[in-house]
1. Net charge near P454: determine it from the other residues with C-beta under 9 Å of the C-beta of P454, scoring Lys and Arg +1 and Asp and Glu -1.
2. Would you mind pulling out the separation of the Cα centroids of the range 93-144 and the range 464-511, in Å?
3. Which entries of K155/K178; K48/K578; K539/K578; K75/K187; K48/K194 show an alpha-carbon separation above 22 angstrom in the structure shown?
4. Could the peptides 482-490, 146-154, 395-403 be put in order, highest first, of the mean number of other beta-carbon atoms found within 10 Å of their residues?
5. Restricting to bridges with both residues inside the chain, how much of the DSSP beta-bridge set is antiparallel, in percent to the nearest 5?
6. Viscosity 1.567 mPa s, temperature 4 °C: give me the Stokes-Einstein translational D for the range 451-508 in µm²/s, with Rh taken as the Kirkwood radius over C-alpha pairs.
7. So for each of 461-468, 577-584 I average, over its residues, the number of other beta carbons within 10 Å; can you give me the resulting order with the highest mean first?
8. If you wrap a convex hull around the Cα atoms of the range 446-586, how much volume per residue is inside, in Å³?
Amino acid sequence: MVEARNVVNPDQVQVLLEDLDRLKRSRYTSELSCFETFLPPRLVQTAKQRRCVPFFGAGVSAEADIPLWWDLLSKLGIESEFANEPELEHDPLTAAEVLASRIGMPMLDDALRAAISRARTPTLAHFLLAALDQDVYVTTNYDSLFEIAWERLYKVQPRVITTDADVAAHLAGGSLEKDEGRPLVFKLHGSVDKPTEELILTRGQYRRHYRSNRAIFERVRACLGCANTLFVGFGHRDPEITRLVEDVIHAFETRGSGEPDAAPPAFYSLQFNMGEQTPEIFAARGIVALRPPLTLHSPENVDPRSSALVRSQFDFLGSLGSDAHAQLDLDPPLSHALDRLGKDLDEGMGVLEELAEELEEGPVEVEEGRLGAVCEQLGPLGGQGVYLLRADDRIADVGLPPGLVDPKRLTKDLHQRPYVRQAHMYREPFVASTLESVFNGNATAFLCVPILDPESIYRGLVFSAFQVGAWKTPLEIRDELRGDWGERLSFVLIDSDGVLLLPPNDEFEPIGARVDEEDPGDNVGFGFEALLRLSRRDKLVERVWNNIVPLARDDDVLRLGDVEMYSVVADVPRTRWKLALSVPTP
C-alpha cells in the first residue's frame with residue numbers, strides 16, 4: 001500500500017487507486033485496538049449512510065506546493081510593518097484587504113490564481129477524502145485537487161457550486177444526493193478553475209459574497225443541519241464559517257415542538273496540538289475535537305501534521321468496512337434513558353404548570369386538600385411534598401404524603417433556598433439541582449413552576465420535592481442498561497453542581513431515613529453527604545461535570561491510569577443535569 005504520507009507522485013497514482021479500492025472493499029479490522037484514531041460510533045455510522053459532510057480546508061492541500069495564506073501575502077509584497085502587526089496575526093482577511101489596496105484587486109487575484117494553478121497533482125489526503133464517497137463536500141479551498149482526485153477514482157466529475165447560479169443549475173430539484181455518481185462540492189470561496197469568477201480573499205469580498213450568494217449558504221446550512229460534519233485540515237479562524245456553524249446550532253436550539261424530530265446535527269474536527277482544555281474550548285463552539293494519532297517519525301520533508309491527518313483518514317475510511325465501532329455505540333441506550341427521564345419530568349412539570357396557570361389571577365391559595373391531590377398525582381416526584389409559596393416566599397399551603405407528619409414542613413423559612421431565588425430571577429419552570437434535605441439528610445431535587453400574572457410579574461411559586469431512591473426511574477434505567485452492557489457500564493447522572501443523583505456503579509443502595517415519627521418508607525433516598533464525597537473523588541464524574549455538551553451530546557475519551565473510558569454525554573431535558581454513559585475502550 002502507498003505509504004501513509006501526503007505526497008502522491010504521478011507514477012504512484014494507479015497503485016494508489018488499486019490500494020484504495022482494496023481498502024474500501026475489505027473488512028479492514030473488527031478490532032478497535034487496530035485504529036490509531038478514536039472515531040465516535042455515530043460519526044462512523046452516518047458516514048456509512050452517506051450522511052457525513054467532509055468540510056476541508058487548507059491543511060488538506062498543505063503538501064501540494066500551495067503556499068499558506070500568510071506565505072502568499074508575503075510573496076505578493078505586503079509590507080513588513082503589516083505582516084508583523086499583532087492586530088493582523090489572526091486576521092488574514094484584513095491583511096488581504098490592505099494588500100489589495102496596495103497592489104490592486106486584479107493583480108492580487110491573478111497572483112493568487114498563478115500560485116494555486118501550479119498544483120495539479122492531488123495529495124493522498126484528497127484521494128482519501130474522495131474515497132469516503134459521500135454525497136456532499138464543502139471546502140474553503142480554491143484549488144481543484146479534490147475534483148481531480150474524484151475524477152481519477154470514479155471517472156466522473158463532481159458538481160462544483162460556487163455561486164447562486166450553480167445552485168439553480170445543479171439543485172433545481174432540491175436533492176442533495178449524488179447524481180450519477182457526481183457529488184456536490186460547495187466551494188465557498190471560489191474555484192481556480194472558474195476564471196470568470198472572483199476568488200474570495202479580502203474582507204470586503206467576504207461581506208459581498210456572503211450576502212450576494214445567499215442561496216449557496218442556505219443550502220450549506222441545510223446540509224450541515226441534517227448531517228454529521230467532519231472538519232479536516234481546517235483552522236476555525238474563518239469568521240463566516242464560524243457564523244455558518246452558529247446558524248445551524250441556533251436553528252437546532254430554537255427548533256419548535258411541532259417541527260419534525262430529525263436527528264440533531266453534529267460537528268467534529270480533527271485537531272492538532274490539542275491541549276488539556278482544547279476539547280472543552282471546541283465543545284463551547286459546538287464542535288467535538290478529535291485527536292489525530294501522534295506521528296513520531298514522518299516521511300522525509302513531510303509535515304508531521306500532514307502525516308497524522310492521513311493516518312486519521314485511513315482509519316476513517318477503514319471504519320466504513322468494519323463493525324468495530326459498533327461495540328461502543330452508546331447512543332441508542334443514551335437516547336432511551338433521556339426519553340424515559342424526560343417523560344417523567346415532563347409529566348410532573350405539566351401537573352404543576354396546570355396548577356400555576358390556575359393561580360395567575362386572584363389570590364395565591366387553593367382549596368383544602370388540593371395540594372394533597374397534586375402530591376398524589378405526582379407520585380414519586382412529589383415524594384417529599386408539594387409546596388405553594390406566595391410572593392413574599394411564605395408558605396401558603398403544603399400537600400404531603402401520608403407518612404410525612406413533621407410540623408416543621410409547614411413552617412420552614414424558604415426564602416433563602418437557591419431554587420426560590422432562581423424562581424424570582426428567571427420566572428420560568430425549571431428542575432432545580434439537589435440539596436441536602438433539612439429533614440432527613442438525603443439528596444433532594446425540586447420541580448419548580450413560578451406563578452406569574454399576565455404581565456409576567458412574580459406572584460409566587462409551586463414546587464414539589466423528591467428524592468432519587470424514591471423516584472425509581474433512574475435506578476431502573478441504570479440497572480436495565482447494566483443488564484445489557486454488564487458491569488463495565490457506568491451510569492453517571494449529575495446535577496449542575498456536579499453532585500451525583502445516584503451512585504453510578506451500585507456503590508450503595510437507597511435507604512429509608514427516620515425523622516421523628518415519620519415513616520422511613522416515605523423518606524427513601526441517598527444521603528447527600530455520601531453522594532457528595534463520591535462525586536468529588538471520582539475522576540469520571542469530575543470529567544462529566546466539567547464537560548460542555550455541544551449541541552445534543554458529546555463524545556469524550558478519558559484516560560484513567562491504564563484504562564481509557566469512552567463516554568457519551570448529554571443534557572437531561574428540562575434540567576441543567578447531565579447524563580453520561582461510559583464504558584472502557586478495548
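Every number here is computed from the coordinates shown, using simple stated rules; none is lab data. Note that the structure is a prediction, hence the values are computed from the model and not measured. Backbone-built Cβ (ideal geometry, glycine too); neighbour counts: all protein chains shown.
1. Result for the neighbourhood of P454: -4.
2. Using only Cα atoms to place each centre, the spacing works out to 52 Å.
3. K48/K578; K75/K187; K48/K194
4. Result, highest mean first: 146-154, 395-403, 482-490.
5. Among the beta bridges of the chain, antiparallel pairing accounts for roughly 70 percent.
6. On the way: Rh = 14.0 Å.
Estimated diffusion coefficient is 92 µm²/s.
7. The peptides rank, most packed first, as 461-468, 577-584.
8. Taking only Cα atoms, the range 446-586 has a hull volume of 147 Å³ per residue.
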